[in-house]
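K.L.:
Below is one structure. I have some questions about it.
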Amino acid sequence: MDNLNQMESGKKGADALTLLREDSMPAVTLRGLTILPGMVIHFDLSRNESIASVEQAMLDDQRLLVVTQKDPNQENPGFEDIYDVGTVTLIRQVSKLPEHVLRVLVEGVSRARIHDFCRSESGMVAHMSYERDDNADIDDFSKEAMTRTVRETLDAYGAFFPKVGKAVQDQIEQGMELGKLLDNITINMPLATADKQKILNAISVRERFELLTGILAREVEVIRIKNQLAKDIRKRIDKNQRDYILREQMQYIREELGENNTDSDVEQFLKAVEALKAKPEVKEKIRKEITRYKNVIGSSSESAVERAYIETLLELPWDKASKDSRDISGAERILNEQHYGLEKVKERMLEFLAVRMLTGKAGSQIICLVGPPGTGKTSIAKSVAQALHKRYVRICLGGVRDEAEIRGHRKTYVGAMPGRVAAALKQSGVKNPLMLLDEIDKLGNDYKGDPSSALLEVLDGEQNYAFRDHYVEIPIDLSEVLFIATANSRDGIPRPLLDRMEIIEVNSYTANEKFHIAREHLVEKQLKKNGIKKTELTFSDEAIRDIIQFYTREAGVRGLERQIGAVCRKEAREILERRKKKLTKEVCVMPEKLEHYLGKPKYRQDKVNKKPEVGIVRGLAWTSVGGDTLQIEVNMMPGEGKIDLTGQMGDVMKESARTALSYVRSVSGRYKVADNFYKKKDFHIHIPEGAVPKDGPSAGITMATALLSAVTHKPVRADLAMTGEVTLRGRVLPIGGLKEKILAAKMAEVKTVLVPKENEKDIAEIPEEIKEGLQIVFVETMEEVAEYAINAACSA
């Protein structure tokens, strides 16, 4: 109604009373609902103008014209938005509902043709004329024929929709006029609003008859086709069930007759069994599984599980082995070519290989390489495999928490698969590969079991000749597998597992070793990786040494390789530009250019203090990325004998600090210190770099020396560093990680290092290039430590 122009609305509003007196009537528009004559129905109204129309109709003669909207989404329909034929109804009941909703019960009286449509203060008003059924072109015989036809069509419809058909039959009466009969059938059938509107529009009874019978015939045909489709689908399902039963019967008949007619898959499996290198009992087990597979072919899920199991058994290398190389000199050459340094590790590996070559057996010894990240543990295993001409497979054990990861899942479970050991053996294709158990110290455990316990059988030479994987179920011979394990620390390896392995320490690289590794291996590797020719980019020796000293701090060389790669990537763009211009230029990376390539130096090297100081001593520490020096500071101040420990010390280090203080108190008289000094003084022991956790007993003599210096007010040599555990009686006990600690001392330009006497054998194993320029002094008591550290400083 909003889209009527203002002039027309004004004219119609002025004539509203005249229309109401003549052929005019209050009207409402309905959405998605068509009301026919003879129909009793209620509907809800919420639009203000519709409610006003109902109220006007109740004030008059309770007659209301209802007309259907063409578009149900139209909020304010105009004359062109409604159908031109509606229904005059008689209001039977009006009810008010919550939220301003009016429920109206009406009864359809007659068709009406709408000539005009407008809005007034009393609601919507329609100018209309009554329409009576047009029977002019229907004689009595035609009327009877039409009546019978529509009843027969209705019976056919009712055959497919019994409930609807019965409801319609109950509503129609014998002798009912044809037009009224057609309306009653339409009212009681679940037809679409558009179809009902077509019936309402049909003033001619003949036209109404043709529309309704056409709709009924269409519905009958649709449901007939639908039923036929359902029948065909049911037949197909029944056929599949029938085929399954027949297949089972055929299988039974074949078994009874002893016939061996099999499909191509079974034949291929049997041929593979004949060609398989395995023991007779293994082949017999596989044949039984193939027979079982034939019996379950009809069951898709079970046959798929059985097929996967048979394929796994056929792919395992039961008795298939590779021929090992017996060239020990060739193995030594390969190890030397691919690894710089690590002399002790290479020597031990060559001894291990020599024993294997002499005996011709794998032996029961398992090698475990323990060392910091990036020191070449994994690459050593690869080199050993290459030296022996063995297949190489790697099993990463980091984060493995489930025992089934090692032993496999039983094949009855959905998605079952072999364990990692059996899968690695299948991947290698031979029964004697080199199997690397990487990160064995990172094994976890939870409620599903402990995988380290499952590895006990794998790594035990007395048991692994018959290792049972839960999925495979047949014993697997692992006695010829060469196992090499790697770990960052032996602390994370369970004791029973550690007992089955021989530990070979892979220590941190020295700065000189890192330099040679970078120059001989890493630079070439990164140039190739970044597509740069050797003639386009080179590294000076000084630049490599500066990268090692100022841009990396690690035990291995991974960070060093990354930094060299960063330089290559930075230069790659300029090389590409030069290639486009066909220019040839060799760029040499010098120390002064490193800041351009890598930014400001990331690390600074701790150096010795310039002069001796009271209460400050330099200690030596081992970290996961190599050795380091730490400066221990002690302050003594008036107080009540309290001791403060700061710098993120661990429990063991705190105990060492208290032990050192007790020792100093016990020898105070020897150094002419008052016996009750600890009652009047507080001590604060601090280790700088407080964000870094520190622990261990090796700083014991360092803290004792710092405390002794503080209470005697005597300075400690600045060019001296020390490491060792202290006891209450002042004895110096041995410690570990000496190679890394001595290397850190040399980098800090320390001149003298105090080491426990019992570590003398460990010092002898350290390469001379590390010890060169260092005076290493072996001490057994704190008196000796004080003599070198404090008294020597005073005499100097």
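Residue-by-condition table, conditions (1) open to solvent by 40 Å² or more (accessible area, probe 1.4 Å); (2) under 30 Å from Ile766 (Cα atoms):
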| residue | (1), (2) |
| --- | --- |
| Val472 | no, no |
| Ala485 | no, yes |
| Asn488 | yes, yes |
| Asp499 | yes, yes |
| Asn512 | yes, yes |
| Val523 | no, yes |
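K.L.:
If you take the residues of segment 136-158 that are open to solvent by 60 Å² or more (accessible area, probe 1.4 Å) and in contact (Cβ under 8 Å) with a residue 12 or more places away in the chain, which of them is nearest to Val67 (Cα to Cα)?
P.N.:
Taking the candidates together, the pick is Asp137.
K.L.:
Regarding Gln549, is this residue over 30 Å from Lys714 (Cα atoms) and modelled with pLDDT of 90 or more?
P.N.:
No: the conditions fail for Gln549.
K.L.:
So for segment 63-81 (the condition being under 14 Å from Ile114 (Cβ atoms) and among the aromatic types (Phe, Trp, Tyr)), does at least one residue qualify?
P.N.:
The answer is yes; a qualifying residue exists.
K.L.:
Could I ask something else about it? Being out of contact with any Gly (no Cβ under 7 Å at 6 or more places or on another chain) and charged (D, E, K, R) is the filter; apply it to segment 681-721 and report the residue that is nearest to Gln775 (Cα to Cα).
P.N.:
Asp719
K.L.:
Same structure, new question: Which numbered condition in (1) out of contact with any Asp or Glu (no Cβ under 6 Å at 6 or more places or on another chain); (2) over 27 Å from Arg208 (Cβ atoms) is the only one that Arg103 fails?
P.N.:
For Arg103, the exception is condition (1).
K.L.:
Looking only at segment 195-248, count every residue that is among the polar types (S, T, N, Q) and either in contact with a His (Cβ under 6 Å, 6 or more places away or on another chain) or not in a helix (DSSP H, G or I) (or both) and tell me the total.
P.N.:
Qualifying residue count, segment 195-248: 1.
K.L.:
I'd like the residue in segment 646-663 that is open to solvent by 30 Å² or more (accessible area, probe 1.4 Å) and within 19 Å of Thr727 (Cβ to Cβ) and, out of all such residues, is farthest from the chain's Cα centre (by Cα).
P.N.:
Restricting to residues being open to solvent by 30 Å² or more (accessible area, probe 1.4 Å) and within 19 Å of Thr727 (Cβ to Cβ), the top hit is Ser662.
K.L.:
Just to be sure I understand the filter: pairs with C-beta atoms under 8 Å, separated by 6 or more residues or on different chains, first member in segment 664-693 and without any contact (Cβ under 8 Å) to a residue 60 or more places away in the chain, second member among the β-branched types (Val, Ile, Thr) and open to solvent by 70 Å² or more (accessible area, probe 1.4 Å). Which pairs pass?
P.N.:
Every condition considered, no pair remains.
K.L.:
If you don't mind, there's one more thing I want to ask. Checking the condition hydroxyl-bearing (Ser, Thr, Tyr), in a loop (DSSP other than H, G, I, E, B) and out of contact with any helix residue (DSSP H, G or I) (no Cβ under 7 Å at 6 or more places or on another chain), which residue from Ser301, Ser322 passes?
P.N.:
Ser322
K.L.:
Working only within segment 763-790, note down all residues that are assigned to a helix (DSSP H, G or I), in contact (Cβ under 8 Å) with a residue 60 or more places away in the chain and not aromatic (Phe, Trp, Tyr).
P.N.:
If the condition is that a residue be assigned to a helix (DSSP H, G or I), in contact (Cβ under 8 Å) with a residue 60 or more places away in the chain and not aromatic (Phe, Trp, Tyr), then Glu769, Ile770, Met782, Val785, Ala786, Ala789, Ile790 are the ones that fit.
Yes/no per residue for (1) under 30 Å from Arg307 (Cβ atoms); (2) among the aromatic types (Phe, Trp, Tyr); (3) in contact with an Asp or Glu (Cβ under 7 Å, 6 or more places away or on another chain):
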residue: Gly371; (1), (2), (3): no, no, yes
residue: Thr375; (1), (2), (3): no, no, no
residue: Ser383; (1), (2), (3): no, no, no
residue: Gly419; (1), (2), (3): yes, no, yes
residue: Ser428; (1), (2), (3): yes, no, no
residue: Leu436; (1), (2), (3): no, no, no
residue: Glu439; (1), (2), (3): no, no, no
residue: Leu456; (1), (2), (3): no, no, no
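K.L.:
Right, next: Condition first: in contact with a Phe, Trp or Tyr (Cβ under 6 Å, 6 or more places away or on another chain) and either in a strand (DSSP E or B) or in contact (Cβ under 8 Å) with a residue 12 or more places away in the chain (or both). Can you find one or more residues in segment 344-359 that meet it?
P.N.:
Looking for residues that are in contact with a Phe, Trp or Tyr (Cβ under 6 Å, 6 or more places away or on another chain) and either in a strand (DSSP E or B) or in contact (Cβ under 8 Å) with a residue 12 or more places away in the chain (or both), one finds none in segment 344-359, hence no.
K.L.:
Here is a list of conditions, (1) modelled with pLDDT of 85 or more; (2) in a helix (DSSP H, G or I); (3) open to solvent by 60 Å² or more (accessible area, probe 1.4 Å); (4) under 23 Å from Ala660 (Cβ atoms), and Leu728 meets all of them except one; can you say which number that is?
P.N.:
Leu728 satisfies every listed condition except (2).
K.L.:
Scan (1) surrounded by 12 or more Cβ atoms within 10 Å (Cβ to Cβ); (2) modelled with pLDDT of 85 or more; (3) under 27 Å from Gly32 (Cβ atoms) for the single condition Arg206 breaks and write down its number.
P.N.:
It is condition (3) that Arg206 fails.
K.L.:
Restricting attention to segment 39-59, which residues are open to solvent by less than 50 Å² (accessible area, probe 1.4 Å) and either in a strand (DSSP E or B) or not acidic (Asp, Glu) (or both)?
P.N.:
Met39, Ile41, Phe43, Leu45, Arg47, Ser50, Ile51, Ala52, Ser53, Val54, Gln56, Ala57
K.L.:
Something else about it: With respect to the numbered conditions (1) open to solvent by less than 20 Å² (accessible area, probe 1.4 Å); (2) in contact (Cβ under 8 Å) with a residue 60 or more places away in the chain; (3) touching a Pro at 6+ places or on another chain (Cβ under 9 Å), which one is the sole condition not fulfilled by Met722?
P.N.:
Failed condition: (3).
K.L.:
Within segment 595-612, identify whether any single residue is in a helix (DSSP H, G or I), open to solvent by less than 40 Å² (accessible area, probe 1.4 Å) and either of a type in the set (Ser, Thr, Tyr) or in contact with a Pro (Cβ under 9 Å, 6 or more places away or on another chain) (or both), and answer yes or no.
P.N.:
yes
K.L.:
Continuing with this model, one more query. All but one of (1) open to solvent by 30 Å² or more (accessible area, probe 1.4 Å); (2) more than 29 Å from Ile380 (Cα to Cα); (3) of a type outside the set (S, T, N, Q) hold for Ala466; state the number of the condition that does not hold.
P.N.:
Exception for Ala466: condition (2).
K.L.:
Inside segment 75-93, can you point out the residues that are of a type outside the set (Asp, Glu), within 17 Å of Tyr130 (Cα to Cα) and open to solvent by 40 Å² or more (accessible area, probe 1.4 Å)?
P.N.:
Hits for segment 75-93 are Tyr83, Leu90.
K.L.:
So, one more: Search segment 368-383 for residues being over 13 Å from Glu439 (Cβ atoms) and modelled with pLDDT of 85 or more, and hand back the single one that is farthest from the chain's Cα centre (by Cα).
P.N.:
Ser383
K.L.:
Can you pull out the residues in segment 318-345 that are open to solvent by less than 60 Å² (accessible area, probe 1.4 Å) and among the β-branched types (Val, Ile, Thr)?
P.N.:
Result: Ile334, Val345.
K.L.:
Of everything in segment 552-562, what is modelled with pLDDT of 85 or more and open to solvent by 30 Å² or more (accessible area, probe 1.4 Å)? Give them in sequence order.
P.N.:
Matches in segment 552-562: Arg558, Glu561, Arg562.
K.L.:
Can you name the number of the only condition in (1) in contact with a Phe, Trp or Tyr (Cβ under 6 Å, 6 or more places away or on another chain); (2) in a strand (DSSP E or B) that Pro418 fails?
P.N.:
Status for Pro418: all satisfied but (2).
K.L.:
Something else: Is segment 616-625 home to any residue that is under 20 Å from Leu738 (Cβ atoms) and among the basic types (Lys, Arg)?
P.N.:
Yes, because at least one residue in segment 616-625 is under 20 Å from Leu738 (Cβ atoms) and among the basic types (Lys, Arg).
K.L.:
Mind checking which helices (runs of 4 or more DSSP H) fall wholly inside segment 440-534 and carry at least 2 residues that are in contact (Cβ under 8 Å) with a residue 24 or more places away in the chain and out of contact with any Leu (no Cβ under 9 Å at 6 or more places or on another chain)?
P.N.:
Filter on segment 440-534 gives 511-517, 523-529.
K.L.:
Could you list, in sequence order, the residues of segment 387-407 that are part of a loop (DSSP other than H, G, I, E, B), at pLDDT 85 or above and open to solvent by less than 50 Å² (accessible area, probe 1.4 Å)?
P.N.:
Lys390, Leu397 - these are the residues of segment 387-407 that are part of a loop (DSSP other than H, G, I, E, B), at pLDDT 85 or above and open to solvent by less than 50 Å² (accessible area, probe 1.4 Å).
The values are calculated or read from the model by the stated rules, or taken from the named source; none is laboratory data. The structure displayed is predicted, hence computed values, not measured ones. Note: ideal-geometry Cβ built from the backbone for every residue, glycine included; neighbour counts use all protein chains shown. Note: accessible area is taken over every heavy atom of the protein model, side chains too, but ligands, DNA and RNA are not part of it. Shrake-Rupley method; radii C 1.70, N 1.55, O 1.52, S 1.80 Å.
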